[in-house]
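Reviewing the structure listed below.
The values are calculated or read from the model by the stated rules, or taken from the named source; none is laboratory data. Here the structure is a predicted model, which means the values were calculated and not measured. We place every Cβ from the backbone using ideal geometry, glycine too, and count neighbours over all the protein chains shown.
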Amino acid sequence: MHTPMFSLEVFPPKRDAPVGTIYDTLDGIEDLKPDFISVTYGHGTHSDRTATARIANTIVNEYRIPAVAHLTALYSDKAKIDEALDMFENAGVNTVLALRGDYIDGEQVVGAFEHASDLVAYIRERKPNFTVFGACYPEGHYQADSLDKDIEHLKIKVDAGVTHLITQLFYDNDDFYRFCDKVRAAGITVPIEAGIMPVRGAKSVRRMAERNASRIPEHLDALLNRWEGNTEALHNAGILYASEQIADLVAHGVDGVHLYTMNHPATTRRIWRNVKSLFNE
Ligand code: FAD
């Protein structure tokens, strides 16, 4: 039996957050010894493009944990992508999660990269020493005509040079298993890490599910309805739900689990305490 990977995701603090916020997050998760920590990339033309590289630098050089830098394509020209890749390289980070990004109302896309696969090919050409990860969607991307069509596009992205996939959040493992079967049948052989986002608030789960076209299964809906008005109870139920999802994934031989920390180390730690021993077998 192989040991699945275990990785975490953090995001750059909002502009008005105190400077030390990211240290609080990293201090809270460093001793979990994840295989890597990935750092999201602000999107659109107004985001701070240097934050991801700065935080990834901190993770690698101060916390001595491998980092993966996210990078989005839609609102960047080639010069901006080159600049970001150089910043990552100077920070000691040569693994990039290459993403298209979402369309933002009222903002003009640049047009250098239409799909994530275009960015993947570009990074492979500019930085042949870089490792490129990609995103995937167990229930299909919200703009895709069908899951099968989305997987056809995923194959193009992997063939362009992606060696590792991380999924969008999902709440029903059966959706993930069905997806993996289809992906393997399509000839995609790279590892697939399952993205798990713990439930913290009922409203945010429903909002995220709607935005990503993710299904809320009946047993999760029951938890949301029962404890919608009790933050602490729902938080506890969410930790149990995520822990059970992870236990089931590991039992089914998942390649890895990528936990979205949402910069809440206490939640991450409680989940890890529940599942840690499952990763050591
Ligand atoms: P793509 O792979 O380009 O797919 C997008 C859509 O285009 C799909 O419907 C696909 O089927 C279709 N498509 C792809 N290739 C083709 C083709 N050749 N022809 C026709 N159609 C095609 N967003 C951020 O802004 N910052 C982040 O840090 C960030 N991190 C993320 C991390 C993970 C693990 C995930 C799952 C998502 C993340 N996102 C992030 C969100 C992501 O940017 C959006 O989901 C976006 O809508 C799609 O990005 P993609 O890279 O999957 O796009």
Q. On the given criteria, is LEU234 of a type in the set (A, V, I, L, M, F, W, C) and in contact with a strand residue (DSSP E or B) (Cβ under 8 Å, 6 or more places away or on another chain)?
A. no
Q: Among the residues of the stretch 145-181, write down those that are over 19 Å from the mean Cα position of the chain (by Cα) and either at pLDDT below 95 or not in a helix (DSSP H, G or I) (or both).
A: ASP145, SER146, ALA160
Q. Of the residues that sit in the stretch 36-46 and are crowded, with 17+ Cβ neighbours inside 10 Å and not aromatic (Phe, Trp, Tyr), which one is nearest to THR95 (Cα to Cα)?
A. SER38
Q: Output the residues belonging to the stretch 61-78 that are farther than 25 Å from TYR137 by Cβ and at pLDDT below 95.
A: ASP77
Q) How many residues, within the stretch 211-252, are within 16 Å of the ligand (Cβ to nearest atom) and more than 16 Å from ASP172 (Cβ to Cβ)? A) 1
Q: Within the stretch 70-118, count every residue that is within 9 Å of the ligand (Cβ to nearest atom) and assigned to a strand (DSSP E or B).
A: 6
Q: Kindly indicate whether any position in the stretch 158-181 is among the hydrophobic types (A, V, I, L, M, F, W, C), more than 13 Å from the ligand (Cβ to nearest atom) and either under 26 Å from ALA69 (Cα atoms) or touching a residue at least 24 places away in the same chain (Cβ under 8 Å) (or both).
A: yes
Q. Does the stretch 107-165 hold any residues that are in contact with a strand residue (DSSP E or B) (Cβ under 7 Å, 6 or more places away or on another chain), among the aromatic types (Phe, Trp, Tyr) and either over 21 Å from VAL254 (Cα atoms) or surrounded by fewer than 19 Cβ atoms within 10 Å (Cβ to Cβ) (or both), and which are they?
A. PHE130
Q: Tell me which residues, restricted to the stretch 18-35, are among the hydrophobic types (A, V, I, L, M, F, W, C), over 27 Å from ASP248 (Cβ atoms) and surrounded by 12 or more Cβ atoms within 10 Å (Cβ to Cβ).
A: ILE22, LEU26
Q.
Among (1) free of Cβ contacts under 8 Å to residues at least 40 places away in the same chain; (2) within 11 Å of the ligand (Cβ to nearest atom); (3) more than 21 Å from SER214 (Cβ to Cβ), there is one condition GLN143 misses while meeting the rest; what is its number?
A. (3)
Q: Out of VAL109, VAL60, VAL93, report the one residue that is among the β-branched types (Val, Ile, Thr) and either free of Cβ contacts under 8 Å to residues at least 24 places away in the same chain or in contact with a helix residue (DSSP H, G or I) (Cβ under 6 Å, 6 or more places away or on another chain) (or both).
A: VAL93
**Q.** Subset tally (residues that are surrounded by 11 or more Cβ atoms within 10 Å (Cβ to Cβ) and within 24 Å of ASP102 (Cα to Cα)) for the stretch 187-235
**A.** 23
(Q) For the stretch 200-214, check the following and say yes or no: at least one residue is on the phi > 0 side of the Ramachandran plot and among the hydrophobic types (A, V, I, L, M, F, W, C). (A) yes
Q | Flag if ARG184 is at pLDDT below 95 and surrounded by fewer than 23 Cβ atoms within 10 Å (Cβ to Cβ) | A | no
